[in-house]
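Worksheet: the structure to be examined is printed underneath.
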């Protein structure tokens, strides 16, 4: 299979699909085979870190992972998590309704089809690295919340607050703006979440909530509100991996989990076919398993551009442009 088929990168931009941009990718050839790393948005710190792993310039904790795609996407996403100039990934970003930051992350190995993920994890900044430990040291795929943080500490990760003065100011500004935007349906809560901050109480019994809510308008698209970093890498051994990390939707209801840590939603990879990652409205994306769909379309012989477009059409049929 031609390499252009094996390394597919998609961005879900509210019904817009983009293929690999050379400015966001690092690629070369080795004696064993071509290597490549691509990432969402101009987060070059991530592609640089992944590239150093792929070319053997970086030291990895486990010598058996030297030069592997799995180690590369982990290093790349971890670099983005640690970069304070990236305002949509890692600590100090996207506070929830209570003003606190939690992280979601996932890695997936295209050789074994194994995945490791964490969701709504507080107090641990290296979410992608913890997701890798879930994959390598457990038989589970996903750990969540405080228990994910406990697992991380048991593997030697040091706890730290993910809240910062900057994230506190973001939260206070949101409160001054009457807690808008808000993810609660106005007919279900009092006071009206479209007009007031909480605390909220139920307005109706769940059995009365049969009328579909109007589709909410889509926000503008940029790397500050499409908050996932997604990476796809292929190593000199011909193996592929995807990695993703996010601090989630700003001002989300505490406990919310998006598409990032869900295999097939935020990302999916199969060495025999290719890999895909996405970024956008995670509450929409996880309903359609867009990354899985796109890889499956390619499995059927559909070229990457059309595979991506075909996946997005399933969303457009039921959502506002």
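Ordered by the count of other Cβ atoms within 10 Å of each Cβ, fewest first, 287, 256 give 287, 256. For region 227-256 versus region 43-78, the spacing of their alpha-carbon centroids is 15 Å. Label-to-label distance, residue 177 versus residue 114, with points set 7 angstrom from Cα along the beta-carbon direction: 4.3 nm. As a rough guide to protection, the peptides 42-48, 229-235 ranked by mean Cβ packing within 10 Å, highest first, stand as 229-235, 42-48.
Among 139, 195, the ranking by other beta carbons within 10 Å of each residue's beta carbon, starting with the fewest, stands as 139, 195. Label-to-label distance, residue 164 versus residue 62, with points set 7 angstrom from Cα along the beta-carbon direction: 3.0 nm. Put simply, when 176-189, 258-271, 298-311, 60-73 are sorted by average Cβ atoms within 10 angstrom per residue, most first, you get 258-271, 60-73, 298-311, 176-189.
Length gained on full extension, residue 188 to residue 201: 3.8 nm, using 0.36 nm per residue less the C-alpha separation.
Read-outs throughout are calculated quantities, based only on the coordinates presented, and are distinct from any laboratory measurement. Note that the structure is predicted; figures quoted are calculated from it, not measured. Neighbour counts are summed over all protein chains in view; Cβ atoms, including those assigned to glycine, are modelled from backbone coordinates with ideal geometry.
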